[in-house]
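Down below is the structure, laid out as structure tokens.
The values are calculated or read from the model by the stated rules, or taken from the named source; none is laboratory data. Because the structure is a prediction, the values reported are computed rather than measured. Cβ sites come from the backbone with ideal geometry, for glycine too, and all protein chains shown count toward neighbours. Areas reflect the complete protein model, heavy atoms only, side chains present, ligands, DNA and RNA absent. Shrake-Rupley method; radii C 1.70, N 1.55, O 1.52, S 1.80 Å.
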Amino acid sequence: MENLQGQCLCGRTIITVSQITRDVTVCHCSMCRKQAAGPMFYTDRVPDNQIHFNQKETVGVYPSSKEIERGFCNQCGTFLFFRNTKQQMTSMNPELFDEQISALNFEKEIYYDDKPDYYVFANKTIKRP
Ligand SMILES: [Zn+2]
Ligand SMILES: [Zn+2]
């Protein structure tokens, strides 16, 4: 998929990405579940220099662990991205991209061993501990 444009819930934060695959990963780790109120969905990773914001004022960044930043809209709270600062690679919230959402492929689940028992996805996915 090429030239994607997405936005947060309030619409103040607009993100553009030049290119991305259709693959989506779910993370079941406790930090993602805390932030997302459940498992967190991510786009495939993209080099940081392919991602642009309309402005930086509404982009909040929380350094959740060494070399990891979690971005959110500081106006509406929408989760925006998960960034590895050392690798300079970013995964985004796939729900930002309304026009592409139906084309996405739920490919894999990570930190599957950390998943609590109260939910399970029916999708056929690659499952990694
Ligand atoms: Zn917003
Ligand atoms: Zn996680």
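Here are the numbers:
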quantity	calculated
Flag for GLN5 being within 16 Å of ligand 2 (Cβ to nearest atom) and either open to solvent by 70 Å² or more (accessible area, probe 1.4 Å) or farther than 16 Å from GLN88 by Cβ (or both)	no
Positions within segment 71-102 being under 9 Å from the mean Cα position of the chain (by Cα) and surrounded by fewer than 20 Cβ atoms within 10 Å (Cβ to Cβ), in sequence order	GLU95
Hits in segment 8-46 - residues which are closer than 16 Å to ARG70 by Cα, in a strand (DSSP E or B) and open to solvent by 50 Å² or more (accessible area, probe 1.4 Å)	PHE41
Where a residue in segment 85-105 is farther than 13 Å from VAL24 by Cα and without any contact (Cβ under 8 Å) to a residue 40 or more places away in the chain and its partner, wherever it lies, is outside any helix (DSSP H, G or I) and open to solvent by less than 30 Å² (accessible area, probe 1.4 Å), with Cβ under 8 Å and at least six apart	THR85/ILE68
Near pairs, Cβ below 7 angstrom, 6+ apart or cross-chain, from segment 1-28 (more than 17 Å from ILE110 (Cβ to Cβ) and of a type in the set (Asp, Glu)) to any residue that is open to solvent by 60 Å² or more (accessible area, probe 1.4 Å) and in a strand (DSSP E or B)	GLU2/GLN19
Residue match in segment 41-59 (condition: touching a Pro at 6+ places or on another chain (Cβ under 9 Å), of a type outside the set (A, V, I, L, M, F, W, C) and modelled with pLDDT of 95 or more)	yes
Whichever residue in segment 104-120 is of a type in the set (Phe, Trp, Tyr) and surrounded by 13 or more Cβ atoms within 10 Å (Cβ to Cβ) and, among such residues, is farthest from the chain's Cα centre (by Cα)	TYR112
